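Asker: Could you have a look at this structure, given as structure tokens, before my questions?
The values are calculated or read from the model by the stated rules, or taken from the named source; none is laboratory data. The model shown is predicted, which means the values in this text are computed figures rather than measured ones. Here the Cβ positions follow ideal geometry from the backbone for every residue, glycine too, while neighbour counts run over all protein chains shown. Ligands, DNA and RNA are stripped out before the accessible areas are found, and what is left, the full protein with its side chains, is counted by its heavy atoms. Shrake-Rupley method; radii C 1.70, N 1.55, O 1.52, S 1.80 Å.
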Amino acid sequence: VCNVGEREQDNWLRTTFIQRRPSASRVFVELQFIVRDCNSFGGVSLTCKETFNLFASESDADVGTTFRKSQFKKVATIAPDEITSKSDLRINTEIRVVESLSHKGFYLAFQDIGACVALLSVRVYYKTCPAKVMSLAAFPETVAGGENQALREVNGVCVENAISEEQPRIYCTTDGEWVVPVGQCQCKPGYEEVEDACQECKPGFFKAAASGAKCEPCPANTQGLGSGALLCPCMDDFFRAPDDPPTGPCSGLPSAPRELVATTTQLSAGKLLLSWSAPEDTGGRTDITYSVECQRCEGAVCQPCGEKIRYDPASAGLTDTKVSVSELDAHLNYTFTVEAHSGVSCDVFLRNDLSFAIISFSPSTDPPKVTSMRLDERTPTSLSLSWAISPRPPAQHRPIRYELTYRKKDDNLDVTTYTVLLLEKSSVQINDLAPGTAYLFRVMALGNEGTPGGSSMEDEFETLREGMKGDNHRDLLFLLPSICLSLIIFFLFFFANAWLFLCLPEQLKPLKTYVDPHTYEDPNTAILKFASEIHPSHISKQKVIGAGEFGEVYRGILKVPGRKEVAVAIKTLKPGYSEKQRQDFLSEASIMGQFSHQNIIRLEGVVTKFKHAMIVTEYMENGALDKYLRDHDGEMTSFQLVGMLRGIAAGMKYLSDMSYVHRDLAARNILVNNNLECKVSDFGLSRVLEDDPEGTYTTSGGKIPIRWTAPEAIAYRKFTSASDVWSFGIVMWEVMAFGERPYWDMSNHEVMKAINEAFRLPAPMDCPSAVYQLMLQCWLQDRSKRPRFPDIVSLLDKLLRSPDSLKTIADFDPRVSIRLPSTSGSDGSPFRSVSEWLESIKMSQYSENFTCAGIVTMDQVLQMKNEDIKNIGVRLPGHLKRIAYSILGLKDQTSTLSVFAV
Ligand code: AMP
């Protein structure tokens, strides 16, 4: 349409009926159009228009061609960003939102009131949050809500083989983005997370608990089951002790103690020392102990020695490889068994014996040598041996005694058995031997006192083979290991289950999250829940210390009977408020009352039951941080400043852990107490930004403190902890620059443009390089790449722990960091007087020092060296540097000063 020369134009164009998906209450209308410049038509400017109007009308049915203007409601006036002059065509694209639709469908209409306009296309759509798997929970595609339901809560379902303690939930924003996931799923035992799914542990791997951890390889001496193993059982012949973790390695049984020796130096006193060496194979364990058992034999009949025998230090639990045995009777044969134990041995297990017999004394003579040994007879279970000696002893001598030691040749059982017999004859029949088995024999003649003879004779003999006939003792020995094994397995399962039961709840413990007071239908319920009521008579106001949007802020005293008096800040609600204002005012307390952290301003309580509502918080002697820094410019070290930042970061970490997004983090909203502790303040919902003089209305209608806000939050109100991190970067800059205004006197528009073009604030003067690097990280365009508050806290902690790390100073360009008047930029000095210059760098307090020292022209200033500045009485290092840097900047002033780049 192009009726630009005619008066009172009212031309309408209506769409066909547009059906609406029931859940889409908010639709977007994207228009492409061209508008001609009225000036390009000559003298028709009185009637010519450069805009047209968008209308909408809801309907439950298609009304065909029936059209009534009165049914349409205006959505927006559409104006072009760029108008088309005669020759060059400019196509505009504008998007408008139609909110709160509730009928089955709607019509759009366009009204022209005298423009030269061409509507090229109309695209109507709604937004959805796409189906997505997050933290192993699947969320369905969800239509984004409208003004009446800005956040749609959506429940998720854990993916297959994942479980969660808490229902996973997330919110879909009006922009079709998922935010604030709550509760997460974790893979079940035997499964691990692989690309948004739970996959069975591979064979040879296991996972015992539901957790975010990966499957681990089976530990030493265990066998991998198939896939999806919860635990790895021990390999055959390997075990776990009851107090070994079920996820740890398994160990083998110890082998036999070696080289068991009995020393008989004090035999006359019935005493003997048994000693041995540690087993060759400890089964990989260090908890080896030994026990000794004794049997007393008279002839072939053996029985336990009983309690008469004494052991030193003890008969069991020995960690040393020796024991002394006393109270032995002469003339008796004794059998001693030394057994190695470890955490995986059962009490009765495979064992070998050492027999030891004691006989009565005989006179001491040089004993003869055993010269030959002979096998006289053998059966499957016995061997008869005899031997000869040389020389033959004289007849008057007491009978010679012999010590015969024998053992199985291939004895690879866990404990080696030696049997030692003391004999009075030169022949013996040994019974109860194993069939078809080779034995090693050693025989030695003994002296009178039982002292060993000069030489001995060793030989090997084998019993006869026999069928499969076994003996009872052996059966029992073979049964024992399997009983023992079953016991171990029983204990393993018992402990594994107990462990799962005890440990799981701890691992899945959810974080505490902040509750939006708006979720309560009645805001008074929220305030009751989160804040304690104070009686106004317990509060005394002393002095006005500030002004908030709702009323004055006072310093005062809170004296609750029975409790110590405390200094407090009292926020009041001025008279004549509406109920909505009262609720907005108190919402700050509902939020603050949910927090408890050293670096978050503490709520003492509220007064809500009386006419004058009040919010009472702890008193912060040094007030707002931005003002405090400006008042103490140059007076603090980097270490102190970084310490303050660490406090703010800790407070913000706490808030982000609670899923609270601050949206207005800035030095003016940090309070400082007497100990220079910094605490985050200024909570509230809509009021946060309404209250802030830095808040600027944006095109979307919200109020945003542009200089402190991340680009995505400005562009499409994407406020997250990551946008709080951006703001924290700006706070870091404010702190390191002693309260300087970020981006100086640039307009909000210039700031946004500069940020879009990848410019960032330059390093403040004297700022440690590491601190500036962290700021730059906070200002990364891609919010997912910015550090998170826990990272920031630990980095700042690290810097504070090694103060040397603060010594490297970031490059500083005085031309951009010290604001210069707009007349500057030419060569030489742009300042007309020294005092004007000092004022521009906020150092006016030194005007007199310069005058007294006779420095009255800028030329003289330019000649000054650092020493000269000190000599005229500038003492604070921060101030010295500021003045010196400025002089440096003046000398080096060659190019324009308004651009700064990283
Ligand atoms: P607000 O409305 O929270 O921005 O408070 C306005 C001003 O009152 C602040 O800028 C501070 O100067 C002062 N103020 C607020 N709360 C406190 C407090 N807890 N301790 C000391 N001063 C405070």
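Asker: Of the numbered conditions (1) without any contact (Cβ under 8 Å) to a residue 24 or more places away in the chain; (2) farther than 30 Å from Arg7 by Cα, Ala137 satisfies every one except a single condition; which is it?
Answerer: Only one criterion is unmet by Ala137, namely (1).
Asker: Taking the stated definitions as given, is Val338 at pLDDT below 85 and touching a Pro at 6+ places or on another chain (Cβ under 6 Å)?
Answerer: Values: at pLDDT below 85: yes; touching a Pro at 6+ places or on another chain (Cβ under 6 Å): yes.
Against the criterion (at pLDDT below 85 and touching a Pro at 6+ places or on another chain (Cβ under 6 Å)), Val338 qualifies.
Asker: Would you pick out the residues in segment 219-238 that are open to solvent by 70 Å² or more (accessible area, probe 1.4 Å), on the phi > 0 side of the Ramachandran plot and touching an Asp or Glu at 6+ places or on another chain (Cβ under 9 Å)?
Answerer: none
Asker: Quickly run through segment 760-807 and pick out the residues that are part of a helix (DSSP H, G or I) and of a type in the set (Phe, Trp, Tyr).
Answerer: Tyr772, Phe789
Asker: Here is a further query. Hand me the list of strands (runs of 3 or more DSSP E) wholly inside segment 81-197 holding 1 or more residues that are in contact with a strand residue (DSSP E or B) (Cβ under 9 Å, 6 or more places away or on another chain) and over 26 Å from His662 (Cβ atoms).
Answerer: Values: elements: 92-98, 105-112, 117-125, 132-134, 137-139, 152-155, 169-172, 178-182, 191-194.
Here the list reads 92-98, 105-112, 117-125, 132-134, 137-139, 152-155, 191-194.
Asker: Could you list, in sequence order, the residues of segment 572-604 that are in contact (Cβ under 8 Å) with a residue 60 or more places away in the chain, touching a helix residue (DSSP H, G or I) at 6+ places or on another chain (Cβ under 6 Å), open to solvent by less than 20 Å² (accessible area, probe 1.4 Å) and in a loop (DSSP other than H, G, I, E, B)?
Answerer: Gln594, Asn599, listed by residue number.
Asker: Specify the residue that is nearest to Cys2 (Cα to Cα); the eligible residues are those in segment 33-75 that are open to solvent by 70 Å² or more (accessible area, probe 1.4 Å) and hydrophobic (A, V, I, L, M, F, W, C).
Answerer: It comes out as Leu46.
Asker: Between Asn669, Asn675, which is away from the ligand (no atom under 12 Å from the Cβ), modelled with pLDDT of 90 or more and of a type outside the set (Ser, Thr, Tyr)? Lay out the reasoning, then the answer.
Answerer: On the way: Asn669 fails: away from the ligand (no atom under 12 Å from the Cβ).
Checking each option against the conditions leaves just Asn675.
Asker: Is at least one residue of segment 163-186 touching a Cys at 6+ places or on another chain (Cβ under 6 Å), farther than 30 Å from His518 by Cα and at pLDDT 90 or above?
Answerer: no
Asker: Which one of these is at pLDDT below 95, part of a strand (DSSP E or B), buried (at least 16 other Cβ atoms within 10 Å of the Cβ) and within 16 Å of the ligand (Cβ to nearest atom): Val568, Val553, Val544?
Answerer: Numbers: Val568 fails: at pLDDT below 95; Val544 fails: buried (at least 16 other Cβ atoms within 10 Å of the Cβ).
Step by step, each of Val568, Val553, Val544 is checked, and only Val553 is at pLDDT below 95, part of a strand (DSSP E or B), buried (at least 16 other Cβ atoms within 10 Å of the Cβ) and within 16 Å of the ligand (Cβ to nearest atom).
Asker: Identify the residue in segment 592-614 that is more than 9 Å from the ligand (Cβ to nearest atom) and among the β-branched types (Val, Ile, Thr) and, among all such residues, is nearest to His662 (Cα to Cα).
Answerer: It comes out as Ile600.
To keep it simple, each residue is scored yes or no on (1) at pLDDT below 95; (2) more than 51 Å from the chain's Cα centre (by Cα).
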residue: Ser57; (1), (2): no, yes
residue: Phe67; (1), (2): yes, yes
residue: Arg90; (1), (2): yes, yes
residue: Gly114; (1), (2): yes, yes
residue: Leu119; (1), (2): no, yes
residue: Val124; (1), (2): no, no
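Asker: I've got another one for you. If you go through segment 198-216, how many residues are assigned to a loop (DSSP other than H, G, I, E, B) and not basic (Lys, Arg)? Step through it out loud before you land on a result.
Answerer: Keep residues of segment 198-216 that are assigned to a loop (DSSP other than H, G, I, E, B), which gives 201-204, 207-210, 212-215.
Filter again for not basic (Lys, Arg), leaving 201, 203-204, 208-210, 212-213, 215.
Here the count works out to 9.
Asker: Taking Glu216 as the residue in question, decide whether it is without any contact (Cβ under 8 Å) to a residue 40 or more places away in the chain, surrounded by fewer than 21 Cβ atoms within 10 Å (Cβ to Cβ) and under 30 Å from Cys294 (Cα atoms). Before you say what the answer is, go through the steps one by one.
Answerer: On the way: without any contact (Cβ under 8 Å) to a residue 40 or more places away in the chain: yes; surrounded by fewer than 21 Cβ atoms within 10 Å (Cβ to Cβ): yes; under 30 Å from Cys294 (Cα atoms): no.
For Glu216, the condition - without any contact (Cβ under 8 Å) to a residue 40 or more places away in the chain, surrounded by fewer than 21 Cβ atoms within 10 Å (Cβ to Cβ) and under 30 Å from Cys294 (Cα atoms) - is not met.
Asker: Taking segment 304-322 on its own, how many of its residues are more than 30 Å from Asn221 (Cβ to Cβ) and modelled with pLDDT of 85 or more?
Answerer: Selection size over segment 304-322: 7.
Asker: State all residues of segment 1-11 that are surrounded by 14 or more Cβ atoms within 10 Å (Cβ to Cβ) and under 15 Å from Phe55 (Cβ atoms); if no residue qualifies, say none.
Answerer: Selection gives Asn11 alone.
Asker: Among the listed residues His612, His662, which satisfies the condition of being open to solvent by less than 10 Å² (accessible area, probe 1.4 Å), in a loop (DSSP other than H, G, I, E, B) and farther than 30 Å from Ile841 by Cα?
Answerer: Working: His612 fails: open to solvent by less than 10 Å² (accessible area, probe 1.4 Å).
The unique qualifying residue is His662.
Asker: Going through segment 616-638 one residue at a time, which ones are over 35 Å from the mean Cα position of the chain (by Cα) and either away from the ligand (no atom under 14 Å from the Cβ) or crowded, with 18+ Cβ neighbours inside 10 Å (or both)?
Answerer: Once the filter is applied, which keeps residues that are over 35 Å from the mean Cα position of the chain (by Cα) and either away from the ligand (no atom under 14 Å from the Cβ) or crowded, with 18+ Cβ neighbours inside 10 Å (or both), segment 616-638 yields His632, Asp633, Gly634, Glu635.
Asker: For the list (1) among the aromatic types (Phe, Trp, Tyr); (2) away from the ligand (no atom under 14 Å from the Cβ); (3) modelled with pLDDT of 95 or more, I need the number of the one condition that Tyr660 fails.
Answerer: All conditions are met except number (3).
Asker: Follow-up question, since we're still on this one. Among Leu558, Leu645, which is the only one that is more than 20 Å from Leu676 (Cα to Cα), aliphatic (A, V, I, L, M), crowded, with 16+ Cβ neighbours inside 10 Å and modelled with pLDDT of 95 or more? Show your work before the answer.
Answerer: On the way: Leu645 fails: more than 20 Å from Leu676 (Cα to Cα).
None of the other options fit; the residue is Leu558.
Asker: Of all residues in segment 273-303, count the ones that are assigned to a strand (DSSP E or B), out of contact with any His (no Cβ under 6 Å at 6 or more places or on another chain) and at pLDDT 80 or above. Don't jump to the end; show me each part of the working.
Answerer: Initially, segment 273-303 is screened for residues assigned to a strand (DSSP E or B), giving 273-277, 289-298, 301-303.
Filter once more, keeping what is out of contact with any His (no Cβ under 6 Å at 6 or more places or on another chain): 273-277, 290-298, 301-303.
If we keep only those that are at pLDDT 80 or above as well, we get 273-277, 290-294.
So the answer is 10.
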